[in-house]
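The values are calculated or read from the model by the stated rules, or taken from the named source; none is laboratory data. Keep in mind the model is a prediction, meaning the values are calculated, not measured. Cβ placement follows ideal geometry from the backbone for every residue including glycine, while neighbour counts extend to all protein chains displayed. Only protein heavy atoms, including side chains, enter the accessible area calculation; ligands, DNA and RNA are left aside. Shrake-Rupley method; radii C 1.70, N 1.55, O 1.52, S 1.80 Å.
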Amino acid sequence: MPEKILSDFQIGLQARRLEPDARPYGFVVEWIRWDSGFRGTALKVGDVITSLNGKVFEPGQKDFEFGIYSENQFWANAGVKDGDPALLTVIRDGETLKIAGKVRAERAYTTNDGRRALASPGPDSMAKDEFTASWASWDESLVKEMRDAGWNRNTRQQLESLLQHAPRIEALGKRFAGPYASAMKEDFDRAVEFIRGKKYDLGPDDLAYRSLTETRLQDAIDLAMRSWNEFIASVDATDLAALPVIDPVRGDRSAVVDKVVRVPEMNEISEAGHGWFWIQGAGANIYLIDQRSPVFSALLYAVLRFRELINPAIADRYQLVGKIGNSPAMVAIGKKKVYVGLTIEPIAALVDEKMFIDLRAGEASKFAGEENAKKLPQVDTRPDLGPGDVFAGWINALKLGDSEVWKLFYATWSCAEGRYDPEGGPPPNHHYRDWANARKQITGPVYDVRVVKVSPVRVVYEGQDARVEEVALVTDHIGLFDGEYRAFKDVNVNREWTMQRVSGGPWRITTEKGI
């Protein structure tokens, strides 16, 4: 016979006992089996079961676990029959629910020719059909993959992996139509939709910052190229290779010193951590540019400001015009390679064909357009905003490229493990790398960030000097996939955040992340 009823009883759940200090305490539901007595009820994966048929679960009691002998023993002692009612008390998002289901006797399934099967009318557990793994092995691996699907990993990779099972789900439904095939299809569709991410409708107002960013960058590019061409036309710059060959140490340097030259391709070298560029001149001549010189440092700092004010997507690719100095330099790379040549001090640079800077003002030099960089729309920074609105303001500052306002949303104090330090926050430049990465994300794969959950406020410190409150936030990062805006997760974004406020002051971000 295809189905045999056995003497063991379960309700068909996979559930994990929580840590003893968990509140609420009990078992968190990890999976509802296809033949569970709670299939089709309101029970959900993630619910915390605090009691079963009046049995309240307490820390320290190890007499019961779902899905093993102790559960069968519990039902045997209760004298149940197949199909008898079972009642769970569960906690979901702080709400207590009573959910009714059934106790079910365990079943053994066989095919018509007596082979072990996963269900009735099949499939045969050990058969592979045209697939690479047996049905039993596939069932186990797919259930594990669906059970473990979550937002702590790369969701698009998980989605790609799940969708590889779609042909076998389809084959299961066509060949072995029944409760098992229907349940697997239902679970598969639910897992795919969950990992696909919540769908969002982003309109023109939501995406206006992108056109602002694109316009700002295009304006900067146009200005940079125009300024570079005007500068080149205004100076008598010689090609470096056209200069005469000289001995940089003992020769007559007057023929090349103070010459303004266009610098060709540069090669980067390092001497004990000190960076240099060397450039091939005429013959065997080489020239050197010191990356630690005040002028080159001014160039590097200008690039950093460009990334903050205009756009982070600017590469370290330099076209330089410089002036040849009168002092030779020597750079030794290990024991075998020594570079000796006159130095060149940059007087102007075009960086990645996006930023132009005239460096003749030395350390005070600014890139073209920096003084007139667009003042951005106002970001709401009122001190009475709630946590969700504060987070939204922080994201708006990021969208608009306003790094100074963005930094204001971080806590200037530290409070953890019952210790409060009013001046323990990060130093002013601590978040520069976070800012650069966050700007790349918000102008690239991330189209918006939304708060989806804010925890109740809890007090984490109370003393004579201050009262510190804290909330936890969960956010959705929204990307564009196949023409749809959907929430996603990868290594570049952070979903969970904490905020604190001191003595009723403004809420501030305490998570050390950028997006």
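Computed quantities for the displayed model
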read-out: Directionally averaged projected area (convex hull, Cα atoms, the chain), nm²; value: 36.0 nm²
read-out: Test item: Cα-centred dipole of the range 202-249, Lys/Arg +1 and Asp/Glu -1 on Cβ, debye; value: 80 debye
read-out: Stokes-Einstein D (µm²/s) once Rh is taken as the Kirkwood radius of the range 230-296 over alpha-carbon pairs, at 4 °C in 1.567 mPa s; value: 97 µm²/s
read-out: Distance between modelled label sites at A233 and D384, nm, 7 Å Cα→Cβ extension; value: 5.8 nm
read-out: Positive dipole terminus of the chain, leading residue within Q158, F131, W278 (C-beta point charges); value: F131
read-out: With Cα atoms, 0 to 90° folded angle of helix 69-78 axis to the chain main axis; value: 40 degrees
read-out: The chain, dipole about Cα centre (Lys/Arg Cβ +1, Asp/Glu Cβ -1), debye to the nearest 20; value: 540 debye
read-out: Inter-label distance, nm, simple model (7 Å from Cα along the C-beta direction), S51/E423; value: 5.4 nm
read-out: The chain, relative contact order [Cα under 8 Å, separation at least 6], %; value: 10 percent
read-out: Residues of the range 19-167: accessible area per residue with a 1.4 Å probe, Å²; value: 53 Å²
read-out: Over the range 1-89: Kirkwood hydrodynamic radius from C-alpha pairwise inverse distances, Å; value: 13.8 Å
read-out: Whole-number D in µm²/s for the range 20-62 (Stokes-Einstein; Kirkwood sum over Cα pairs; 37 °C, 0.692 mPa s); value: 284 µm²/s
read-out: Dipole magnitude (debye, nearest 20) for the range 404-515, charges at Cβ of Lys, Arg, Asp, Glu; value: 180 debye
read-out: Fully extended contour minus Cα-Cα distance, from K453 to S70, at 0.36 nm per residue; value: 134.2 nm
read-out: Mean projected area (nm²) of the alpha-carbon convex hull when the range 392-515 is viewed from all directions; value: 7.9 nm²
read-out: D290 accessible area, assembled protein chains, probe 1.4 Å, Å²; value: 40 Å²
read-out: Cα-Cα separations in the range 262-363 greater than 18 Å, expressed as whole percent; value: 48 percent
read-out: Extension gain, E186 back to S270 (0.36 nm per residue minus Cα-Cα distance, nm); value: 24.2 nm
read-out: For the chain, calculated [θ]222 nm from helices alone, where every DSSP H run of n ≥ 4 adds -39500 (n - 2.57); value: -8500 deg cm²/dmol
read-out: Residue-span extension gain [D35 to D482] - 0.36 nm each, minus C-alpha spacing; value: 157.4 nm
read-out: Order of exposure, largest accessible area first, which applies to R250, R156 with probe 1.4 Å; value: R250, R156
read-out: In sequence order, calculated HN-Hα J values of the range 10-27 (Karplus, 6.51, -1.76, 1.60; Hz; x Gly/Pro); value: 8, 9, x, 10, 9, 9, 10, 5, 7, 5, x, 8, 5, 9, x, 9, x, 10
read-out: Kirkwood Rh (inverse of mean 1/r, distinct Cα pairs), the range 174-257, angstrom; value: 20.9 Å
read-out: Largest-first ordering by accessible area, 1.4 Å probe, given options T510, T381; value: T381, T510
read-out: Solvent accessible area, Å² - K366, 1.4 Å probe, full protein context; value: 90 Å²
read-out: Karplus-derived 3J(HN,Hα), 6.51/-1.76/1.60, for each residue of the range 304-316, Hz, glycine and proline x; value: 4, 5, 4, 4, 6, 8, 10, 6, x, 8, 10, 8, 7
read-out: Accessible heavy-atom area order of R196, R360, highest first, probe of 1.4 Å; value: R360, R196
read-out: DSSP-defined antiparallel bridges as percent of all bridges, the chain, nearest 5; value: 95 percent
read-out: Positive-end residue, the range 357-515 charge dipole about Cα centroid, Cβ charges, pick of Y410, G463, H477; value: H477
read-out: Simple spin-label estimate for E462 and V257 in nanometres, 7 Å along Cα-Cβ; value: 7.7 nm
